[in-house]
Amino acid sequence: MKTIFGPRKLREAFEKTVVLIGVFDGLHRGHRYLIRKAVSLSRARNKKSVCVTFHPHPKKQPCLISLTHRLRLIEELGVDYCLVIKFNRRFSLVTAEDFVKDILVKFFHPEFIFIGENFRFGYQARGTVEVLKALSGIFGFKVRAIKELSAEDKKISSRAIRHLIKAGELKEAQRLLGRRVSVLGTVISGAKRGRGLGYPTANINPHHEVLPASGVYAVKIFYREKEYRGICNIGTRPTFDNPEDNQTIEAHLFNFKKNIYGQDLEIQFIRKIRDEKKFPGHSSLVEQIKKDHHKALRILRNIR
C-alpha cells in the first residue's frame, strides 16, 4: 500500500477508483467489513482501492490505536492507496461539497464511494450519506453505504472497545474487533532491570495506544513479520524502589537475544495471567516470573 500524507502530495489524478472514507480507529469488525467490501469490488472491476482517513480524530477523542498501527492494519486488508488528511482547523472548515469535488473527484475519479451509514464529514459534520448520494448524481459515482454492525445486539464501536480493553476484558474486545487486542510500539531504552533478573525485557513506547488493564499477560509478539511468544507486564513496577508514575509496558520474548532498540513490535494479548503486585524482594519476584513463564508456555502451546 502506498500512503500519501495530505492532498498537497497528490501530484496527478488517478484513473477510475473505488474510494472508502472513514477514521477507522481500531479497525474493528465494522471497519474491516467495509474495507473488505470496497477492496473486493475494486479487484472485481480491476480498479485501484483508495482509503481516505483522518488524523488526529475529528471528534478530538483519544484514538484506540496509533496512526502507524491503523495504516498497517489497513494495508493488511489489501488496500492499494491511503490518503491521510491532517484534521486541523483549516480542514474542518472545508464543506462536504468541496471535499468531494476538490479532493475525491479531482484526484481519484471515484467509480464507487464506500462510507459507513452514520459517518459524517465536512464542515460542521454536514456531510451525510444523503448528501453524498446527491453529489453522486452530479459527479457520476455510486455510493455504497454500509450499515453499522452489531454483535449479539451490542453496538460495535471504538468507544465501547476502548472501555473493554482498559477493563482487561480481552475476550469481549476481541469479539468486537474481529482480531486480537494488540499494541504496536517502539522499543526504547529502559533501566535494564529485567536483564538483571535474568529476564531481559523490551520496553515499549506505545505511542498513546490504549493499553489493557495492569497485569501480566501471555502474548504473541511480531517483529519484522516473524512471530515470537512471550510474557508482557503492564503497570508501574511496584516492587522496585522508584515505581513509575505512569503505566509502562515491557515484554520478554522467549528464546530471543537480538538488539531491537528503535524497532517496532506488535504485541498481541492472548490471556491475562495475573494482576500486577508488589513483591517483598527481587528473589520472590524472580520466582513469580518463572511461574509466569511456564504458565504462558502452557497457554500459548495451542494458540495459533
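Looking at Leu20, Leu64, can you tell me which residue is under 19 Å from Asn118 (Cβ atoms), assigned to a loop (DSSP other than H, G, I, E, B) and either at pLDDT 95 or above or in contact with a Lys or Arg (Cβ under 7 Å, 6 or more places away or on another chain) (or both)? Please lay out each step first, then the result.
Numbers: Leu20 fails: assigned to a loop (DSSP other than H, G, I, E, B).
Testing whether each residue is under 19 Å from Asn118 (Cβ atoms), assigned to a loop (DSSP other than H, G, I, E, B) and either at pLDDT 95 or above or in contact with a Lys or Arg (Cβ under 7 Å, 6 or more places away or on another chain) (or both) leaves just Leu64.
Restricted to the range 260-304, and to residues there that are within 24 Å of Glu209 (Cα to Cα) and either modelled with pLDDT under 90 or among the basic types (Lys, Arg) (or both), the residue that is farthest from the chain's Cα centre (by Cα) is Lys277.
Residues in the range 127-161 that are closer than 23 Å to Ser92 by Cβ and at pLDDT below 95 were compared, and the one that is surrounded by the most Cβ atoms within 10 Å (Cβ to Cβ) is Ser158. Across the range 251-304, the number of residues qualifying as outside any helix (DSSP H, G or I), of a type in the set (S, T, N, Q) and within 25 Å of Ser189 (Cα to Cα) comes to 4.
His69 meets all of the listed conditions (1) of a type outside the set (Asp, Glu); (2) farther than 29 Å from Tyr223 by Cβ; (3) assigned to a helix (DSSP H, G or I) but one, namely (2).
Restricting the range 164-190 to residues that are assigned to a loop (DSSP other than H, G, I, E, B) and touching a residue at least 12 places away in the same chain (Cβ under 8 Å) leaves a set whose member that is nearest to Phe119 (Cα to Cα) is Gly178.
Within the range 140-163, identify whether any single residue is free of Cβ contacts under 8 Å to residues at least 12 places away in the same chain, touching an Asp or Glu at 6+ places or on another chain (Cβ under 9 Å), more than 17 Å from Leu64 (Cβ to Cβ) and not charged (D, E, K, R), and answer yes or no. Among the residues of the range 140-163, at least one is free of Cβ contacts under 8 Å to residues at least 12 places away in the same chain, touching an Asp or Glu at 6+ places or on another chain (Cβ under 9 Å), more than 17 Å from Leu64 (Cβ to Cβ) and not charged (D, E, K, R), which makes the answer yes.
The values are calculated or read from the model by the stated rules, or taken from the named source; none is laboratory data. Everything quoted here is computed from the prediction, not taken from an experiment. Neighbour counts run over all protein chains shown; Cβ positions are idealised from the backbone, glycine included.
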